[in-house]
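The values are calculated or read from the model by the stated rules, or taken from the named source; none is laboratory data. Computed from a predicted structure; not experimentally measured. Please note: Cβ atoms are built from the backbone with ideal geometry, for glycine as well, and neighbour counts cover all protein chains shown.
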Amino acid sequence: MESIVVMGRRPLSGTVKVGGAKNSALKLMAAALLAPGKSVIRNVPDISDVGVMADVLEHLGARVTREDHSVAVDATNIASLEAPYELVAQMRASIVVLGPLVARFGSAHVAMPGGCNIGSRKIDMHLLGLQHLGAVITFEHGFINASAPDGLKGAQVILDFPSVGATENLLMASVLAEGTTVIENAAREPEIGDLVDMLVSMGARIEGRDTSTLEIRGVRSLSPVEHTTVGDRIEAGTYLVAGALGGGPVTVVGFDPAHLEMLLAKMSAAGCDIEPLPDGATVRREGPITPVDISTLPYPGFPTDMQPQFMALMALAEGNSVITENVYESRFMFADELKRMGADIDIEGHRALVRGVGALQGAPVRSPDLRGGATLVLAGLVAEGQTVVGDVHHIMRGYEDLTGKLASLGADINLLEG
C-alpha cells in the first residue's frame, strides 16, 4: 500500500494549477452515453475515479480513450445495459449511468452504488424521480432494474433535498423524454451548470441553468460534442487552505473564484488575505488564525467537500469554533485521526467543537476517505516532525499528483510505495 510522508513546518509559496473538476468530469463521461458517436471531454483529471468510470463505460460497450487530460467516449455500439457490482462498488458516481441508459435504450441494470463511506447518501430521490418520468423500478440481487420500454415521459419532479447526483441523473434522463420535465429544488452546484452546458451543446433544450428550477423540453436525439470541463473548485480550495496554513503567498489558478465565494469569505474572516483573480485566487496570512464557525449547505453554501480542510485550519486558530455538518452525517470520521496529531476536537451529532491548539504533531495516520485524507496531508504540512498518511488510495480518487503540486509550493512531501 502506498503512503504519503510529510515533514512539517516548511514554508509554502508559489503558484499551482488545478485540473478539471472530478465531480463534473465523471458525469460528463456518463452523458456521452446519450448520443451515438464520439464525444471528447477535455480538462479531465488523471485520477483513479476517472479510470473506474472509463471501465464502467467500456463494460457497457463504449470505446474509451484517454490522452493528455482528454477522454474520448464513442457510444455508438452499446452492447450491454448492465453496470456490474465490481465496478460500481468502487465509485458511487457510477449510479449516474442509470439516467442516460434508460433515456436512450429504455432499460438499465445497475448495481447498488459504493464509494466513500461518509454517510448513507441514499439514492431514493434518483429512483423516485425516474418513476415520475415513467420508469418502472425493481430490485433484484443487489441490482437496480429500470425499465421504460415506451420511453420516458416529461413530468414535474420535486426533490426533497437539492441532491447533486439526483439532479444530474434526472437531467440526463429527461433530455430524451417525451414532453417537458420540470425539476424543482434542483442542485445549483457549478458542476451541474457544466453538465447543462454539455447537454445543450449536444442538442438538449434546458432552461434555468444555475437556478433551483430546471425545465427540460425533450428532444428525439442528441449528437456527440467536444466539451471542456470546468476547473475543480474543491482541489483549488484544498491548496488555498494549504497556503493559509503555511502562510503563503500561494496562488491557485485554473478555476473560477466565484465558485468558492463562501469558502473565500470564511477564510478572510479567519485572518487570511484573499485576492481573487480572473482565473483563481491568491492567499497569504501573516497574523494568527481567527476562529470562525461554519455550517455546510448545498451550493452556494459552504461546501461539505471543504469542511475537513477548514477544520484543519480551525484546529490551529486562537480560540474555539463550531463546525456543523448538514450534508453527510459521517463526514467527521477523519477527526479522530486529526486528534492523533494533537487537535482538540469534540463531536456531538453533526456538530464539532474545535478548540484551537498552538501546534500539531506529526504522527502515523490513516486516510478514511477522499477529503479527510487530503486534510491529514494538509495537517502534516504544518505539524512538528514527520506525518505518515496511509490508505492514500482514497486521496488518489480525487487529486491528481497531490504530492507533486504541494512539493512545487515548497512542501517536503513524498509518495512512498508500500
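Just to verify a result, which residue in segment 173-186, among those that are surrounded by 22 or more Cβ atoms within 10 Å (Cβ to Cβ) and either under 24 Å from the mean Cα position of the chain (by Cα) or at pLDDT below 95 (or both), is farthest from Leu159 (Cα to Cα)? Before the answer, list the steps.
Kept after step one, since they are surrounded by 22 or more Cβ atoms within 10 Å (Cβ to Cβ), are these residues of segment 173-186: 173-177, 181, 183, 186.
Pick out the ones that are also either under 24 Å from the mean Cα position of the chain (by Cα) or at pLDDT below 95 (or both) and you get 173-175, 183, 186.
On the way: Ala173: 15, Ser174: 15, Val175: 18, Ile183: 7, Ala186: 7 Å.
So, considering only residues that are surrounded by 22 or more Cβ atoms within 10 Å (Cβ to Cβ) and either under 24 Å from the mean Cα position of the chain (by Cα) or at pLDDT below 95 (or both), the one farthest from Leu159 (Cα to Cα) is Val175.
Among the residues of segment 31-50, are any within 14 Å of the chain's Cα centre (by Cα) and without any contact (Cβ under 8 Å) to a residue 60 or more places away in the chain?
yes
Say we look at segment 108-137 and pick out the residues that are farther than 25 Å from Glu184 by Cα and modelled with pLDDT of 85 or more; which of these is farthest from the chain's Cα centre (by Cα)?
His109
Given the conditions (1) crowded, with 18+ Cβ neighbours inside 10 Å; (2) more than 30 Å from Met341 (Cα to Cα); (3) in contact with an Asp or Glu (Cβ under 6 Å, 6 or more places away or on another chain), and given that Arg63 satisfies all but one, which numbered condition is not satisfied?
Result: Arg63 passes all but (1).
What about Asp210, is it under 19 Å from the mean Cα position of the chain (by Cα) and under 23 Å from Val64 (Cβ atoms)? Walk me through it before giving the result.
Values: under 19 Å from the mean Cα position of the chain (by Cα): yes; under 23 Å from Val64 (Cβ atoms): no.
So Asp210 does not fit the description; no.
One residue is enough: does segment 159-172 have a residue meeting the conditions surrounded by fewer than 17 Cβ atoms within 10 Å (Cβ to Cβ) and touching a strand residue (DSSP E or B) at 6+ places or on another chain (Cβ under 6 Å)?
So the first thing to find is which residues in segment 159-172 are surrounded by fewer than 17 Cβ atoms within 10 Å (Cβ to Cβ), and the list is 160-161.
Next, from what is left, pick out any that are touching a strand residue (DSSP E or B) at 6+ places or on another chain (Cβ under 6 Å): none.
Taking every residue of segment 159-172 in turn, none turns out to be surrounded by fewer than 17 Cβ atoms within 10 Å (Cβ to Cβ) and touching a strand residue (DSSP E or B) at 6+ places or on another chain (Cβ under 6 Å).
From the list Val354, Val283, Val327, pick out the single residue that is touching a Leu at 6+ places or on another chain (Cβ under 8 Å), hydrophobic (A, V, I, L, M, F, W, C) and more than 26 Å from Val16 (Cβ to Cβ).
Unique residue meeting the criteria: Val327.
Working only within segment 87-107, note down all residues that are outside any loop (DSSP other than H, G, I, E, B) and either at pLDDT 95 or above or more than 21 Å from the chain's Cα centre (by Cα) (or both).
Answer for segment 87-107, where residues must be outside any loop (DSSP other than H, G, I, E, B) and either at pLDDT 95 or above or more than 21 Å from the chain's Cα centre (by Cα) (or both): Val97, Leu98, Gly99, Pro100, Leu101, Val102, Ala103, Arg104, Phe105, Ser107.
Take segment 76-86 and flag every residue that is assigned to a helix (DSSP H, G or I) and of a type in the set (Asp, Glu).
Once the filter is applied, which keeps residues that are assigned to a helix (DSSP H, G or I) and of a type in the set (Asp, Glu), segment 76-86 yields only Glu86.
Run Gly37 past the list (1) crowded, with 17+ Cβ neighbours inside 10 Å; (2) at pLDDT 95 or above; (3) over 27 Å from Val253 (Cβ atoms) and report the number of the one that doesn't hold.
Of the numbered conditions (1) crowded, with 17+ Cβ neighbours inside 10 Å; (2) at pLDDT 95 or above; (3) over 27 Å from Val253 (Cβ atoms), the odd one out for Gly37 is (1).
Contact list please: Cβ distance under 9 Å, first residue in segment 9-22 and on the phi > 0 side of the Ramachandran plot and modelled with pLDDT of 95 or more, second residue among the polar types (S, T, N, Q) and part of a strand (DSSP E or B), pairs at least six apart or on different chains.
Partner pairs satisfying both residue conditions: Gly14/Thr251.
Among (1) outside any helix (DSSP H, G or I); (2) small (Gly, Ala, Ser); (3) at pLDDT 95 or above, where does Gly248 come up short?
Of the numbered conditions (1) outside any helix (DSSP H, G or I); (2) small (Gly, Ala, Ser); (3) at pLDDT 95 or above, the odd one out for Gly248 is (3).
Sort out which residues of segment 59-75 are part of a strand (DSSP E or B) and either more than 17 Å from Ala35 (Cα to Cα) or of a type outside the set (Lys, Arg) (or both), and write them in order of number.
The answer is Val64, Thr65, Arg66, Glu67, Ser70, Val71, Ala72, Val73, Asp74.
Considering (1) in contact with a Cys (Cβ under 9 Å, 6 or more places away or on another chain); (2) free of Cβ contacts under 8 Å to residues at least 60 places away in the same chain; (3) crowded, with 22+ Cβ neighbours inside 10 Å, say which one Leu214 fails and leave the rest.
Result: Leu214 passes all but (1).
Restricting attention to helices (runs of 4 or more DSSP H) lying wholly within segment 118-226, give those where 1 or more residues are out of contact with any Gly (no Cβ under 8 Å at 6 or more places or on another chain) and more than 30 Å from Phe332 (Cβ to Cβ).
Answer list for segment 118-226: 124-132, 190-201.
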